Protein chains: 2
Amino acid sequence: MTFWNRCVAGALVVLAGAMAVTVTLGAQPPVPGPAYTSAGELVRPADFREWVFVTSGLGMNYNDPAPNAPARPQAFTNVYVNPSSYRQFMQTGKWPEQTIFILEIRSSASEGSINRGGSYQTDLRAVEAAVKDTARYPGGWAYFNFGRDGERTAPLPQTASCYTCHTQNAAVENSFVQFYPTLLDVAKKMGTINATYDPNRPARHQ
Amino acid sequence: MTFWNRCVAGALVVLAGAMAVTVTLGAQPPVPGPAYTSAGELVRPADFREWVFVTSGLGMNYNDPAPNAPARPQAFTNVYVNPSSYRQFMQTGKWPEQTIFILEIRSSASEGSINRGGSYQTDLRAVEAAVKDTARYPGGWAYFNFGRDGERTAPLPQTASCYTCHTQNAAVENSFVQFYPTLLDVAKKMGTINATYDPNRPARHQ
């Protein structure tokens with residue numbers, strides 16, 4: 001029941017413009033935003049690790065811990081956003097149409113090489129995405145789970161918990177900017193924090 | 001005694017070329033590498049958060065935990081590298097001259113907004129750097145600590161533990177690629193892992 005199973009992808013984006021790009025799987029997207037197959041599946045960006053990193057977490061969980069949950073090494077969650085949307089956000093505190101976030105989920109380890117305490121990142125577990133496109137998706141945002149090796153995927157169904165959780169709990173539009181320290185400062189300065197956002201409010205997606 | 005106090009900046013770079021750039025503090029560096037003041041101090045890059053993220057850790061420690069160490073929230077350590085050096089590493093498994101790494105150290109929190117477990121990133125604690133420049137620095141690499149707000153700083157003295165620790169324990173040249181999962185795969189493929197590197201060897205800097 002950790003957060004990536006609930007597809008709380010950690011960030012979002014949405015609105016008009018809707019320059020849907022149809023590409024052959026494997027080709028580079030011709031614009032710096034989401035690319036789709038002719039069947040409307042989102043193509044996993046090949047170069048997302050060169051995008052702008054906005055934060056990482058370790059073992060984040062939006063639910064109270066289960067009392068008898070099995071022990072498992074916690075996972076790191078790295079959040080990246082496409083560079084042009086990042087630059088626009090830093091100027092306006094808002095996400096432009098065609099923003100795409102990637103959530104990279106990696107296992108952790110504590111003892112290896114010279115490390116003796118804390119946690120460092122190891123194997124890839126999964127890649128997820130969030131896209132803002134108000135013309136394409138109801139509610140303006142959609143969420144995707146590529147798994148570990150998937151190269152393309154359809155949006156998760158509107159019944160997935162990520163949709164309501166992000167709508168109800170996000171700090172800026174549908175994105176969890178409350179967990180991106182430098183972006184949160186920008187949103188506060190620009191006055192773009194959602195009026196409904198409460199930094200002390202427990203999750204309302206349960 | 002956590003690792004940033006020991007200036008184990010988490011990554012490095014070095015060699016000739018030595019295109020030392022003298023800039024007025026506050027100006028953007030004219031080349032995508034380290035920039036210096038006329039006094040030879042490294043200028044903190046204004047845009048390092050738009051560089052390529054290579055990993056983060058939480059509470060990493062290269063020493064065995066002290067039995068009575070005071071409790072303190074663990075810190076996240078985000079590692080960035082300048083984009084042109086990243087691209088060259090992905091092709092060759094080696095760091096070009098003028099590579100610069102930034103280590104961004106941030107506090108962590110567990111309960112806030114909807115989060116109930118694990119850790120997310122909060123306030124900035126410090127910014128550190130490592131630069132590869134064989135013409136400028138003995139041993140080819142130098143380490144820097146800007147503190148939280150510093151805009152420029154001289155290299156740490158050669159007696160700082162980071163120098164010997166990186167020389168003796170790094171996986172690729174003087175850089176701790178053993179903690180950068182995707183880069184480690186590249187170095188293995190390219191055959192650029194240091195012959196002296198042992199993934200199970202305890203730290204030799206003590």
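Nothing in this text is a laboratory measurement; each read-out follows from the coordinates by a stated rule. What you see is a predicted model; the values in this text were computed from it and never measured. Glycine also receives a Cβ, built like all others from the backbone with ideal geometry; neighbour counts cover every protein chain displayed.
Numerical summary
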read-out	value
Nitroxide proxy distance, nm - points 7 Å out along Cα→Cβ at B:LYS188 and B:ARG125	3.0
For residues of B:47-55, the mean tally of beta carbons on other chains within 10 Å	5
Neighbour-limited loop hits for trypsin sites (Lys or Arg not before Pro), the range A:42-121 (at most 12 other Cβ within 10 Å; DSSP other than H, G, I, E, B)	none
Average partner coverage of A:170-182, which counts Cβ from other chains inside 10 Å	3
For peptides A:107-113, B:145-151, sequence by mean Cβ density within 10 Å, most packed first	A:107-113, B:145-151
Karplus (6.51, -1.76, 1.60) ³J(HN,Hα), θ = phi - 60°, over the range A:121-134, in Hz, Gly and Pro reported as x	8, 10, 5, 5, 9, 6, 10, 10, 8, 9, 10, 9, 7, 6
Exam field: B:ARG87 pseudo-label spacings to other copies (7 Å along Cα-Cβ), nanometres	1.5
Estimated vicinal HN-Hα couplings, Hz - the range B:91-106 in sequence order (Karplus 6.51, -1.76, 1.60; Gly, Pro = x)	8, 10, x, 10, 9, x, 3, 6, 5, 9, 9, 10, 10, 9, 10, 10
Shortest-first distances to equivalent copies, position A:SER38, nm, label 7 Å out along Cβ	6.4
Shortest-first distances to equivalent copies, position A:ARG148, nm, label 7 Å out along Cβ	4.1
Rough spin-label spacing in nm, given labels placed 7 Å along Cα→Cβ, for B:ASP64 and A:ARG87	5.2
